[in-house]
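Undergrad: Encoded as structure tokens, here's the structure I'll be asking about.
The values are calculated or read from the model by the stated rules, or taken from the named source; none is laboratory data. These figures come from a predicted structure and were not determined experimentally. We place every Cβ from the backbone using ideal geometry, glycine too, and count neighbours over all the protein chains shown.
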Amino acid sequence: MSKLHLFLTLIPLLPFLCTSFSPENPSSRRVLVLFDDLALKSSHSLYFKSLQSRGFELDFKLSDDPKIGLQRYGQYLYDGLILFCPTTERFGGSIDLTAILDFVDSGHDLIVAADTNASDLIREISTECGVDFDEDPAALVTDHTKYAVSETDGDHTLLAGDDFIESNVILGSKKIEAPVLFQGIGHSLSPTNNLVLKVLSASPSAYSANPNSKLSNPPSLTGSAISLVSILQARNNARILISGSLSMFSNRFFRSGVRKAGSPTKYEKSGNEQFLTELSKWVFHERGHLKAVNVQHHKAGEANEPAMYRINDDLEYSVEIFEWSGRSWEPFVADDVQVQFYMMSPYVLKTLSTDKKGHYFTAFKVPDVYGVFQFKLEYQRLGYTSLSLSKQIPVRPYRHNEYERFIPAAYPYYGAAFSMMAGFFMFTAVHLFNK
Amino acid sequence: MAKNLGGFLLLVLAISICEAASIFQPISDSHRSAALELFTPADESFGSLEEAYEALRTFEILGIQGKPDISTSSCQSVSETLVSSSSTTNGLFHALKVNRILKCKIDEEIFQGIASRLKAVVNDGNSLLDFYYSIGSLVLVKDQTSGVDVLLGDANGIFRSIKALSQSDGRWRFSSNNPESSTYAAGLALEALAGVVSLASSDIDHSLIVTLKNDIVKLFDSLEKYDDGSVYFDEKLVDAHEHQGPLSTTSSVVRGLTAFASVISGSINLPGDKILGLAKFFLGIGIPGNSKDFFNQIDSLACLESNRVYVPLILSLPATVLSLTKKDQLKVKVNTVLGSSAPPLAVKLVRAFISGSKDSSVIKTQELKFDPENAVHFLDVLPKSIDVGTYVFVFEIVLHDSVDKEVYTTGGQTQVPIFVTGIIKIDNAEIAVLDSDLGSIETQTKLDLARENAALLSANHLQKLRLSFQLTTPRGKFFKPHQAFLKLRHETKVEHIFVVGNSGKQFEIILDFLGLVEKFFYLSGRYDIQLTVGDAIMENSVLRAVGHVELDLPEAPEKAPQPPAPHVDPYSRYGPKAEITHIFRTPEKRPPRELSLAFLGLTLLPFVGFLIGLLHFGVNLKNFPTSAVPATFAILFHIGIAAVLLLYVLFWLKLDLFTTLKTLGFLGAFLMFVGHRILSHLASTSAKLKSA
């Protein structure tokens, strides 16, 4: 009875529950959080609290709960998925590797935290995202020169990472001063995947190995090739965050002070909270999600969009671009938005001028080649969702009566013809009536 | 469930790795600041009295002074709840609890009314929660006022009816028609029964107390255990709604147990290490992130702090990383769970062994000195036998007073991993190029690994590169670091890493380029050499550029492996592209206007010549018909010709072909007609002239 009741109350909500990030209804989003132990809910609560305070509805479940599912009746129940279950070998319910990949393929966001002894399932999910964790299950990222000084941790696996990606859109405009504490496993990025990016890399002296066994062969992961935290933005703008440490999300690391070995500055609070909160803003599209609207083009001096252009016409092109700020669409300010006039290859590629209020415009002359062209706006910037607009427009040559008349160079021909005609008229009169 | 547990184990493991295995720190200032953060009232009051109680109780236990002042608003809702006749036992219970801390002004009569209401509930109660809240409230009323009669007449009967809900394994049911038993309920039942005992007007039947003690022992058989010695209760049934996590279940049992132990005479037969294990469980959680968990943790620890079963003593070390170079002292603290000082005791360092090899102790058993000022037990100087390395120290707490042994539990020996670090001396570092067959030294450079070096070497594939250095510990022993890598990086960013091995007392690596040419992809050129020496116990781990070696390797044969594709900068595909502008076709070259005009003049010349010719020959129009009709036709004929020519001009200027042809059709017909008339007239006049 109670289930039926629940179901009935859910029915009117269904349309709101099941979308990925959509420009129409971007707020109030549901996120499924899967744990392998519910104690994580309390020990990592600061992270969840920051999400909840930003309006996310978190649904905490055990990863082997038989009732969990990502979709029902073909509709997705959640907009995001957080996997804090590094040891889970199999999910309960209908969730499996394919279900998660489908979830991402339909544009939903994913956060994965692995840890030592990460299960094959978590590794497989990461591999699908272009992230290869160290194969040795006991390996930890160790760094003997750039570790976080601690009275009680002696094996230098607690790293103080400060090698961040340089991107304001991913990490926020405020610089992260304090190093980020990290303890876990390292990964490398698949060279064939060019969408995945290192957000936090290890220092050149780091290596990934089991701290309790002697090294006889060089470790597979060394130096700054080790990525500690990586992100991926899929072509459908689904965003994924993969971290090799679950404890970096924990309250303990959030609150803990940090001092990097060899540096005299002691920070009262580690950079974890800022780093991960800002990253979660990016992952859940509160930053760097662009939309382009109101694409207009017309001949110079006119207001309406023509059905086709003639070669050598002067045209004006404009577009408005907005960025989602978490609550509203704000004008997007940049100076590197470019438009292409494209047929097989770009004939014109021009950087748009902007009024700093989200309006981008430019003017150029249609090339003297006719055919079916496209206005193409391909905007791919680090951290931003890619904009890809194209609008087809044919370009025709001059009509026969649009060419130039009364060319001076042709005056001798005109003169010859008309003097001939005048002569003919005179001749007819003279010939007929001469006596 | 097992997987579930595994996850928690992992978490604890993760925590324990950083906090050094099985070290539990008592409650400290970080808890206090976290408490102030967690229990922040929204606009001057908490959402419910329960939350207010949790906050007040936590502040009370932690002794936080600068707490937010909520007494006015809370007192108001307390008196409202107590006065209202519609408030539930649950509401009353929490209101009384808040009142116990805040001591609001409540009239005696109100307590009187509540007490009689509660007694009625107790007497016809049938569910455990009814009993729990009503008895708990009565106990609170008894504590807060002396003038109200709260004693239960039929305490034995009530005791029995609560006991009737218990199960054979020590757990309880929530009510008689709910078959599922729960550990959480057992805790509530124990607390309620403790209340019954304290409220009883006459002594409770002794046999009831004895059976209940047995139940408690049985309940403790269901304890779950972690590797680090902490134990906890977990609910067996996992129901979405009423499921309590391990923390709230354990804290419920601890509350019930301590409450019960404090009201009965005689002890409960529970082993001390289980109580210590429970304390370790609560401390091992660290700082919980939600207020409920935080309250449960702190409240349970407060219960354990002063319970009558055993008071756990926690041995903790402020630092487990000791520097041999800085002559750090080994310090040990013994506190109760809330961090208050322990009874007089001594800490003995029983053994110490190198972690991984459990065979022999490296030191003799000794007692640590006590510094009463800081309440720290310490070891002055680390013994000579302790060199840098990772050790496991085994401590034992010895209580001075034999009476204390009945009160406190210390958990026997405690194993603590200790990292002894120090500065490792790096000597005799040198890099050399050797001739392959003879082994004679071609070039040799001394290195100082304390700073960056820039040795310049060159070698070909028939030679060898040798790098060697020596590491000695502060105690003068030979040291083997965990990380000793030599990295060669070619200009094209191809890297090769080698582990530097040790032969005897010397670290040495010999790179025989002849065997390595294939691995180096036959890439000649400049290689950067980098040496990394590091270890957890080495305070001066280094990452040093050693220099460069110019390698001259043979040409790659055809089937040689290709070097990996050069790394493409992943950011290159972002960034704006270069602008493209279309290059328009240039218009054809035209003659200057003057030239065209000159030629125009030239083309007009024949016409002018024609006119001059006409004048020269003296042309006339004398043949023009004189009579009216032919003259009209002649004029019309010439107008027609002029019209056709004008039509051509118009065609040139603006008309299209179709209009022109149409008009030309009409004009042509007209011209035919008038032309025929005038020509036939002219022909007839000339024939007449000839015949005449």
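Undergrad: Just to be sure I understand, how many residues within segment B:261-312 are of a type in the set (Phe, Trp, Tyr) and at pLDDT below 85?
TA: Residues meeting the conditions: 0.
Undergrad: What's the number of the only condition in (1) within 14 Å of chain B (Cβ to nearest Cβ); (2) at pLDDT below 90 that residue A:20 fails to meet?
TA: Status for residue A:20: all satisfied but (1).
Residues are listed down the side, and each one gets a yes or a no for (1) within 27 Å of residue B:141 (Cβ to Cβ); (2) over 42 Å from the mean Cα position of the chain (by Cα); (3) outside any helix (DSSP H, G or I):
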| position | (1), (2), (3) |
| --- | --- |
| B:208 | yes, yes, no |
| B:216 | yes, no, no |
| B:219 | no, no, no |
| B:249 | no, no, no |
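Undergrad: With the checklist (1) assigned by TED's automatic domain parsing to the domain that holds residue B:284; (2) in contact (Cβ under 8 Å) with a residue 60 or more places away in the chain; (3) buried (at least 21 other Cβ atoms within 10 Å of the Cβ) in hand, flag the one item residue B:299 doesn't pass.
TA: (3)
Undergrad: I'm trying to understand the selection: among the residues of segment A:166-208, which are of a type in the set (D, E, K, R) and either farther than 25 Å from residue B:485 by Cβ or touching a helix residue (DSSP H, G or I) at 6+ places or on another chain (Cβ under 6 Å) (or both)?
TA: Within segment A:166-208, A:166, A:174, A:175, A:177 qualify.
Undergrad: Have a look at B:60, B:37, B:51, B:80 and point out the one that is outside any strand (DSSP E or B) and touching a residue at least 60 places away in the same chain (Cβ under 8 Å).
TA: B:51
Undergrad: Among the residues of segment B:588-600, are any within 10 Å of chain A (Cβ to nearest Cβ) and under 60 Å from the mean Cα position of the chain (by Cα)?
TA: The answer is no; no qualifying residue exists.
Undergrad: When you go through A:424, A:433, A:418 one by one, which is the residue that is more than 7 Å from chain B (Cβ to nearest Cβ), in contact with a helix residue (DSSP H, G or I) (Cβ under 8 Å, 6 or more places away or on another chain) and within 30 Å of residue B:686 (Cβ to Cβ)?
TA: So the residue among A:424, A:433, A:418 that is more than 7 Å from chain B (Cβ to nearest Cβ), in contact with a helix residue (DSSP H, G or I) (Cβ under 8 Å, 6 or more places away or on another chain) and within 30 Å of residue B:686 (Cβ to Cβ) is A:424.
Undergrad: Follow-up question, since we're still on this one. Using the structure shown, decide if residue A:411 is in contact with a helix residue (DSSP H, G or I) (Cβ under 7 Å, 6 or more places away or on another chain) and more than 8 Å from chain B (Cβ to nearest Cβ).
TA: Considered against the rule, which asks whether it is in contact with a helix residue (DSSP H, G or I) (Cβ under 7 Å, 6 or more places away or on another chain) and more than 8 Å from chain B (Cβ to nearest Cβ), residue A:411 comes out as no.
Yes/no per residue for (1) more than 10 Å from every other protein chain (Cβ to nearest Cβ); (2) within 19 Å of residue A:163 (Cβ to Cβ); (3) modelled with pLDDT of 90 or more:
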| residue | (1), (2), (3) |
| --- | --- |
| A:206 | no, yes, yes |
| A:217 | no, no, no |
| A:226 | yes, yes, yes |
| A:229 | yes, yes, yes |
| A:233 | yes, no, yes |
| A:246 | no, no, yes |
| A:255 | no, no, no |
| A:264 | yes, no, no |
| A:273 | yes, yes, yes |
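Undergrad: Tell me, which strands (runs of 3 or more DSSP E) wholly within segment A:345-400 include 3 or more residues that are within 14 Å of chain B (Cβ to nearest Cβ) and in contact with a Ser or Thr (Cβ under 9 Å, 6 or more places away or on another chain)?
TA: Numbers: elements: A:345-351, A:359-365, A:371-379, A:387-396.
So the answer is A:345-351, A:359-365, A:371-379.
Undergrad: May I ask you to verify whether residue B:639 is more than 10 Å from every other protein chain (Cβ to nearest Cβ) and either in a helix (DSSP H, G or I) or touching a residue at least 24 places away in the same chain (Cβ under 8 Å) (or both)?
TA: Judged against the criteria, residue B:639 is a match.
Undergrad: Restricting the first residue to segment A:316-339 and requiring it to be farther than 16 Å from residue B:576 by Cα, which pairs with a second residue that is part of a loop (DSSP other than H, G, I, E, B) and among the hydrophobic types (A, V, I, L, M, F, W, C) meet a Cβ separation below 7 Å and a spacing of at least six or different chains?
TA: A:316/A:300; A:321/A:332; A:321/A:337; A:322/A:332; A:323/A:332
Undergrad: Kindly list the number of the only condition in (1) in contact with a helix residue (DSSP H, G or I) (Cβ under 6 Å, 6 or more places away or on another chain); (2) in contact (Cβ under 8 Å) with a residue 60 or more places away in the chain that fails for residue B:330.
TA: Residue B:330 satisfies all of (1) in contact with a helix residue (DSSP H, G or I) (Cβ under 6 Å, 6 or more places away or on another chain); (2) in contact (Cβ under 8 Å) with a residue 60 or more places away in the chain except (1).
Undergrad: On the basis of being more than 19 Å from residue B:530 (Cα to Cα) and either outside the structural domain of residue B:499 (by TED's automatic domain parsing) or in a strand (DSSP E or B) (or both), does residue B:442 make the cut? Before the answer, list the steps.
TA: Details: more than 19 Å from residue B:530 (Cα to Cα): yes; either outside the structural domain of residue B:499 (by TED's automatic domain parsing) or in a strand (DSSP E or B) (or both): yes.
In short, yes.
Undergrad: Let me ask another. Among what's in segment B:566-620 and is of a type in the set (Val, Ile, Thr) and surrounded by 14 or more Cβ atoms within 10 Å (Cβ to Cβ), pick the residue that is farthest from residue A:348 (Cα to Cα).
TA: Of everything passing the filter in segment B:566-620, B:619 is farthest from residue A:348 (Cα to Cα).
Undergrad: Now for a different question. Give me a count of the residues in segment A:239-272 that are buried (at least 23 other Cβ atoms within 10 Å of the Cβ) and farther than 26 Å from residue A:39 by Cα.
TA: 1
Listed here are the residues, each with its yes/no results for (1) of a type in the set (Lys, Arg); (2) in the same structural domain as residue B:635 (by TED's automatic domain parsing); (3) surrounded by 14 or more Cβ atoms within 10 Å (Cβ to Cβ).
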position: B:647; (1), (2), (3): no, yes, yes
position: B:655; (1), (2), (3): no, yes, yes
position: B:661; (1), (2), (3): no, yes, no
position: B:664; (1), (2), (3): no, yes, yes
position: B:667; (1), (2), (3): no, yes, yes
position: B:671; (1), (2), (3): no, yes, yes
position: B:674; (1), (2), (3): no, yes, yes
position: B:677; (1), (2), (3): yes, yes, yes
position: B:681; (1), (2), (3): no, yes, yes
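Undergrad: Among the residues of segment B:129-184, what is the count of those that are in contact (Cβ under 8 Å) with a residue 24 or more places away in the chain and either aliphatic (A, V, I, L, M) or assigned to a helix (DSSP H, G or I) (or both)?
TA: 31
Undergrad: From A:181, A:232, A:228, A:189, which residue is surrounded by 24 or more Cβ atoms within 10 Å (Cβ to Cβ) and under 20 Å from residue A:128 (Cβ atoms)?
TA: On the way: A:181 fails: under 20 Å from residue A:128 (Cβ atoms); A:232 fails: surrounded by 24 or more Cβ atoms within 10 Å (Cβ to Cβ); A:189 fails: surrounded by 24 or more Cβ atoms within 10 Å (Cβ to Cβ).
Step by step, each of A:181, A:232, A:228, A:189 is checked, and only A:228 is surrounded by 24 or more Cβ atoms within 10 Å (Cβ to Cβ) and under 20 Å from residue A:128 (Cβ atoms).
Undergrad: Can you tell me which residues in segment B:510-528 are within 14 Å of another protein chain (Cβ to nearest Cβ) and touching a strand residue (DSSP E or B) at 6+ places or on another chain (Cβ under 6 Å)?
TA: Passing the criteria: B:511, B:528.
Undergrad: If you don't mind, there's one more thing I want to ask. Take the conditions charged (D, E, K, R), away from chain A (no Cβ under 13 Å) and in contact with a Ser or Thr (Cβ under 7 Å, 6 or more places away or on another chain) and apply them to residue B:299. Does it pass?
TA: Yes.
Undergrad: Let me ask something else about it. Going by the conditions given, is residue A:166 surrounded by fewer than 22 Cβ atoms within 10 Å (Cβ to Cβ) and away from chain B (no Cβ under 14 Å)?
TA: No; evaluated as a whole, the condition is false for this residue.
Undergrad: OK, next. Restricting attention to segment B:382-396, does a residue exist that is within 16 Å of residue B:317 (Cβ to Cβ) and hydroxyl-bearing (Ser, Thr, Tyr)?
TA: There is at least one residue in segment B:382-396 that is within 16 Å of residue B:317 (Cβ to Cβ) and hydroxyl-bearing (Ser, Thr, Tyr).
Undergrad: Of everything in segment B:194-212, what is touching a Gly at 6+ places or on another chain (Cβ under 8 Å) and either over 28 Å from residue B:145 (Cβ atoms) or surrounded by 24 or more Cβ atoms within 10 Å (Cβ to Cβ) (or both)? Give them in sequence order.
TA: Of everything in segment B:194-212, those that are touching a Gly at 6+ places or on another chain (Cβ under 8 Å) and either over 28 Å from residue B:145 (Cβ atoms) or surrounded by 24 or more Cβ atoms within 10 Å (Cβ to Cβ) (or both) turn out to be B:194, B:195.
Undergrad: Could you check segment B:477-585 for strands (runs of 3 or more DSSP E) lying wholly inside it with 3 or more residues that are in contact (Cβ under 8 Å) with a residue 40 or more places away in the chain?
TA: B:483-490, B:506-512, B:525-534, B:542-552
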